[in-house]
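The values are calculated or read from the model by the stated rules, or taken from the named source; none is laboratory data. All figures in this text were calculated on a predicted structure; none of them were measured in a lab. Note: ideal-geometry Cβ built from the backbone for every residue, glycine included; neighbour counts use all protein chains shown.
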Amino acid sequence: MAAAAPPGPDRYLEVAGARLRYRDSGSGPALVLVHGWTLDLDMWEPQVERLCDRFRLVRLDRRGHGLSSGDPGPQQDVSDLAMLCRHLRLNRIALLGMSQGARSVLAFADAAPDTVRAVVLDGAPDLRPEAAGNDIPLAHFQQVLRAQGIAAFRREWRSQPAMQLQTDDPAARALLDAMLGRYDGRDLRDDTALAKAAMPLRLEQIAAPALVLNGESDMQTRAAAADYLHEQLPQAERHLVARAGHLPNLDNPDEYAQLCRAFLMRQLHGSVWR
């Protein structure tokens, strides 16, 4: 197993068309954490604190988010994850994907089945083939950004159900606001952004065990999407995080970490991780 980096410092990886910020903390089996839309790797700070004693936690800013450059797109996430694993010499990993990041995690698990030992899917979007559209009105947000600018977009997006925290913890609220303040909207300026946000997946091909999560107060569309994933994935279990909305890792980090830890430790039994 390659030695883990010391906790905390930002590191950067040059890939085709982008410079990706990542962090590498803790020791043990590798868990790669993939954030959702408009967020970045800092969203996982509560999980680093609670899981780094048993896992090596690798987290990155997806292209066009946080401090990473490049044009965002779930399709690019697959190649970026592959490059990051190669750079860190990670041959066996678990993946945790939140919201839009769950789509990228599933795509990577499909593309690299020998690498992915388990996946955690948190607040995933509707991945049914017949899905009529996204429950996040991207076309509307494109119009807001183009007509009124990034500050107006941030205000409106922050007021949406997906961005409402159930917790009163000031640190969680400050963390969320800081991440949204770093999102610059470059994907919404791209006329192909709506097409890039959708990516067909072969769920029946994904053999890795899966933990499908939602906050108990998540949007109904995301709860239904999680139920669909639970039904379609060959090896999946389903849990709700109490006192949490679409951002359960911030709303209730203790229970979130407990669920992830228990699931991943079960998958570790008898496995060889690198």
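A few points about this structure:
- For the range 56-111, the set of residues classified as buried (at least 20 other Cβ atoms within 10 Å of the Cβ), of a type in the set (Lys, Arg) and assigned to a helix (DSSP H, G or I) consists of Arg103 only.
- Considered as a group, the residues in the range 84-129 that are farther than 16 Å from Tyr228 by Cβ and among the acidic types (Asp, Glu) include one that is nearest to the chain's Cα centre (by Cα), and that residue is Asp110.
- First in the range 243-263 and at positive phi, second anywhere and surrounded by 18 or more Cβ atoms within 10 Å (Cβ to Cβ) and in a helix (DSSP H, G or I), Cβ under 9 Å, 6 or more apart: Arg243/Asp251; Arg243/Glu255
- Qualifying residue in the range 213-227 (condition: touching a helix residue (DSSP H, G or I) at 6+ places or on another chain (Cβ under 6 Å) and among the β-branched types (Val, Ile, Thr)): no
- Among the residues of the range 217-256, those identified as out of contact with any Ser or Thr (no Cβ under 8 Å at 6 or more places or on another chain) and farther than 24 Å from Ile206 by Cβ are Ser217, Gln220, Ala242, Leu247, Pro253, Asp254, Glu255.
- The range 141-193, residues that are basic (Lys, Arg), assigned to a helix (DSSP H, G or I) and farther than 18 Å from Leu39 by Cβ: Arg146
- Each residue in the range 187-220 was checked for being under 18 Å from Pro137 (Cα atoms) and modelled with pLDDT of 95 or more, and 3 pass.
- Residue match in the range 25-33 (condition: among the hydroxyl-bearing types (Ser, Thr, Tyr) and either touching a Pro at 6+ places or on another chain (Cβ under 7 Å) or closer than 18 Å to Met265 by Cβ (or both)): yes
- Members of the range 62-93 that are under 20 Å from Leu39 (Cβ atoms) and touching a residue at least 60 places away in the same chain (Cβ under 8 Å): Gly64, His65, Gly66, Leu67, Asp71, Pro72, Gly73, Pro74, Gln75, Asp80, Leu84
- Any pair with Cβ under 7 angstrom, 6 or more apart, that starts in the range 106-126 at a residue that is in contact (Cβ under 8 Å) with a residue 40 or more places away in the chain and ends at one that is hydroxyl-bearing (Ser, Thr, Tyr) and assigned to a helix (DSSP H, G or I): Asp126/Thr221
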